[in-house]
1. If Ile86 satisfies every condition in (1) among the hydrophobic types (A, V, I, L, M, F, W, C); (2) out of contact with any Ser or Thr (no Cβ under 7 Å at 6 or more places or on another chain); (3) assigned to a loop (DSSP other than H, G, I, E, B) but one, which is the exception?
2. Taking Lys102 and the conditions (1) modelled with pLDDT of 95 or more; (2) within 25 Å of His32 (Cα to Cα), which numbered condition does it fall short on, given that it satisfies the others?
3. Check the stretch 163-172 and report whether any residue there is modelled with pLDDT of 95 or more, touching a Pro at 6+ places or on another chain (Cβ under 7 Å) and at negative phi.
4. Within the stretch 285-301, take every residue that is outside any strand (DSSP E or B) and touching a Phe, Trp or Tyr at 6+ places or on another chain (Cβ under 9 Å) and give me the one that is least open to solvent (accessible area, probe 1.4 Å).
5. When both residues are 6+ apart or on different chains and their Cβ atoms are under 7 Å apart, which pairs have a first residue that lies in the stretch 137-164 and is more than 19 Å from Ile125 (Cα to Cα) and open to solvent by 60 Å² or more (accessible area, probe 1.4 Å), and a second that is in a helix (DSSP H, G or I) and of a type outside the set (A, V, I, L, M)?
6. Is it true that Phe26 is closer than 30 Å to Leu231 by Cβ, among the aromatic types (Phe, Trp, Tyr) and in contact with a strand residue (DSSP E or B) (Cβ under 9 Å, 6 or more places away or on another chain)?
7. Does Thr304 qualify as being at pLDDT 50 or above, out of contact with any strand residue (DSSP E or B) (no Cβ under 6 Å at 6 or more places or on another chain), closer than 30 Å to Ala188 by Cα and surrounded by 10 or more Cβ atoms within 10 Å (Cβ to Cβ)?
8. Step by step: first the residues of the stretch 186-205, then only those that are free of Cβ contacts under 8 Å to residues at least 40 places away in the same chain and assigned to a helix (DSSP H, G or I), then the one that is least open to solvent (accessible area, probe 1.4 Å). Which residue is that?
Amino acid sequence: MSFIDYRETIKEGDTAIVFLGHESMFPVKVQHGGKTQTKYGVIRHSTDLIGKRYGSKVTCSKGGWVYILHPTPELWTLNLPHRTQILYSTDISLITMMLELKPGSVVCESGTGSGSLSHAIIRTIAPTGHLYTVEFHQQRAEKAIEEFEEHKVGHLVTVKNQDVCKNGFGITHLADAVFLDIPSPWEAIGHAKSVLKREGGRICSFSPCIEQVQRTCLALEEHGFAECNTLEILLRVYNVRTISLPVPDLGKGIGGNARAESDKGSPSDQGASSAGLQQGNAQFKSGVPPREMVGHTGYLTFATKSLF
């Protein structure tokens, strides 16, 4: 199993996603003799998982069933163990596009955190690109290395445990893009500029506070970056549901004469006509916004290294 090379069957050592529903899923490491407990009963790895196809419907010991899914960066973002606050697919998709990432790109990232964005970047730049990611916290860096190796993407990523604001990324003039998710990104702009290729490149900084954005933009201008702009994404999900609405009876009259004759009718006739406007119901599909939605997550500041 690899997060970049998909295969059909489940093998020992794989990380699989147990899918109980859209709001209920979790990762599991497949092992001979292993057991996983769910609300529908026990899943026995040796008989229920190993050798089965990804996407299979597996019956648990209590008679309920679950789906076993192949891991992807999107599913991993929803199920990973949180060591820090993470970026979700809404922001990740814009970052990937605005940094112009593609297979073969070289990317520098700080900090690694829980690895949500890292997995998405690796999938995008594979098979010939490389990710250099810097994490200040030693235990988080060690755990990230362990996960990358377990997910068979370790050859595409280099993890370093150091302070990017003081020591940089450890490489120069090699990266196509730089991503910063640190408390004081303005202190790392100089290192980001030196790590980008001489012919230019893109940079992105994620900050939750507008004061951080202001200081970062000033630092970008001081170091000669161009096309500086800041974006914020607010995701609003609509629930599609079936609703029942009354169908009005508009009458059988045609043209103004019929309408005029109707207007001359007695009050009792007019009341009966009004009562007939709502006869029968019809079902329609409707998009209904939720009463609450996820609001502000952070600001994404993008800029381009100037050649002049």
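The values are calculated or read from the model by the stated rules, or taken from the named source; none is laboratory data. Quick caveat: nothing in here was measured; it's all calculated off a predicted structure. A quick note on method: Cβ atoms are made from the backbone with ideal geometry, for glycine too, and the neighbour counts reach across all protein chains shown. What goes into the accessible areas is simple: the full protein's heavy atoms, side chains included, and nothing from ligands, DNA or RNA. Shrake-Rupley method; radii C 1.70, N 1.55, O 1.52, S 1.80 Å.
1. Of (1) among the hydrophobic types (A, V, I, L, M, F, W, C); (2) out of contact with any Ser or Thr (no Cβ under 7 Å at 6 or more places or on another chain); (3) assigned to a loop (DSSP other than H, G, I, E, B), only one is false for Ile86: (2).
2. Only one criterion in (1) modelled with pLDDT of 95 or more; (2) within 25 Å of His32 (Cα to Cα) is unmet by Lys102, namely (2).
3. There is no residue in the stretch 163-172 that is modelled with pLDDT of 95 or more, touching a Pro at 6+ places or on another chain (Cβ under 7 Å) and at negative phi.
4. For the stretch 285-301, the residue satisfying everything is Gly298.
5. Asn161/Gln138
6. Considered against the rule, which asks whether it is closer than 30 Å to Leu231 by Cβ, among the aromatic types (Phe, Trp, Tyr) and in contact with a strand residue (DSSP E or B) (Cβ under 9 Å, 6 or more places away or on another chain), Phe26 comes out as no.
7. When the stated conditions are applied, Thr304 does not pass them.
8. Taking the candidates together, the pick is Ile189.
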